[in-house]
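First up is the structure itself, then whatever we jot down about it.
The values are calculated or read from the model by the stated rules, or taken from the named source; none is laboratory data. Just so it is clear, the model here is predicted, and its values are computed rather than measured. Here the Cβ is made from the backbone with ideal geometry for all residues, glycine too, and neighbour counts use every protein chain on show.
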């Protein structure tokens, strides 16, 4: 444990829990059930995930992930941890940029997703969560997360953990969907994700729960906390240069940097 990390550790005991969305009771009964339910549905649909992702993004996903990572500051030679790596989509994009697979580590709570991960030889895959990353303090230059923010249990605890594993000066890039403000845009997005995609999944996917996963996908987007809450939670976790980049009013990239000398976090978590 580095001395500069101690103020953050002390503050965690008093931090309030900030969930990415309220409990979705049509899927699970209580907030305490969320983690097991989410892990279970991803385990059951892991073999279909890459196919579904390609359909949702109409094949643009790899290009967009590389663009977003470069825009956030990822460069050749950096060490990366991809949290919520799933089948390794972000980890593959990161490897393309850093130039060496052994510089990239993927972390995910779903064993099914990790077993179905398609990553270059040398990428390390570990079971873990955003709230408990199995890496040493100050051990990586860059932390990424691709569209998994809505599935974690506590933004505050996760962002404190991100701060812990990053080296001073390390960068964060969190990609996520954002509900557009226009009602017309919302209706179009819902029609694609909640109505069309589950029907397509019924025909294209091998697993019975693929349509369920896609409906859940939309419901988490619709219920997710606003961008201001995510930006505030990053700031309260002692990150600096916290900002959001958007594309098409739907795709958000939350970016931040760990200070070269970590700032103290006030007791109570801000």
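Just one residue in the set 227, 259 is farther than 22 Å from residue 17 by Cβ, in contact with a strand residue (DSSP E or B) (Cβ under 6 Å, 6 or more places away or on another chain) and surrounded by fewer than 17 Cβ atoms within 10 Å (Cβ to Cβ); that residue is 259.
Candidates are the residues of the range 137-146 that are surrounded by 24 or more Cβ atoms within 10 Å (Cβ to Cβ) and either touching a helix residue (DSSP H, G or I) at 6+ places or on another chain (Cβ under 7 Å) or modelled with pLDDT under 95 (or both); the one that is nearest to residue 88 (Cα to Cα) is 146.
Output the residues belonging to the range 52-78 that are exposed (fewer than 15 other Cβ atoms within 10 Å of the Cβ) and touching a residue at least 12 places away in the same chain (Cβ under 8 Å). 70, 71, 75, 76, 77 - these are the residues of the range 52-78 that are exposed (fewer than 15 other Cβ atoms within 10 Å of the Cβ) and touching a residue at least 12 places away in the same chain (Cβ under 8 Å).
Taken together, 153, 144 contain a single residue that is farther than 26 Å from residue 103 by Cβ and not in a helix (DSSP H, G or I), which is 153. For the range 156-189, a residue qualifies if it is in a loop (DSSP other than H, G, I, E, B) and under 16 Å from the mean Cα position of the chain (by Cα), and exactly one does: 178. Considering only residues that are assigned to a loop (DSSP other than H, G, I, E, B) and touching a strand residue (DSSP E or B) at 6+ places or on another chain (Cβ under 6 Å), look in the range 122-134 and name the one that is surrounded by the most Cβ atoms within 10 Å (Cβ to Cβ). Taking the candidates together, the pick is 130. Does residue 35 fit the bill of being within 30 Å of residue 166 (Cβ to Cβ), modelled with pLDDT of 90 or more and surrounded by 17 or more Cβ atoms within 10 Å (Cβ to Cβ)? For residue 35, the condition - within 30 Å of residue 166 (Cβ to Cβ), modelled with pLDDT of 90 or more and surrounded by 17 or more Cβ atoms within 10 Å (Cβ to Cβ) - is not met. State whether one or more residues within the range 154-161 are closer than 25 Å to residue 24 by Cβ, surrounded by fewer than 18 Cβ atoms within 10 Å (Cβ to Cβ) and out of contact with any strand residue (DSSP E or B) (no Cβ under 8 Å at 6 or more places or on another chain). Taking every residue of the range 154-161 in turn, none turns out to be closer than 25 Å to residue 24 by Cβ, surrounded by fewer than 18 Cβ atoms within 10 Å (Cβ to Cβ) and out of contact with any strand residue (DSSP E or B) (no Cβ under 8 Å at 6 or more places or on another chain). In the range 199-210, the qualifying residues are those that are part of a helix (DSSP H, G or I) and surrounded by fewer than 20 Cβ atoms within 10 Å (Cβ to Cβ), and the one that is farthest from the chain's Cα centre (by Cα) is 203.
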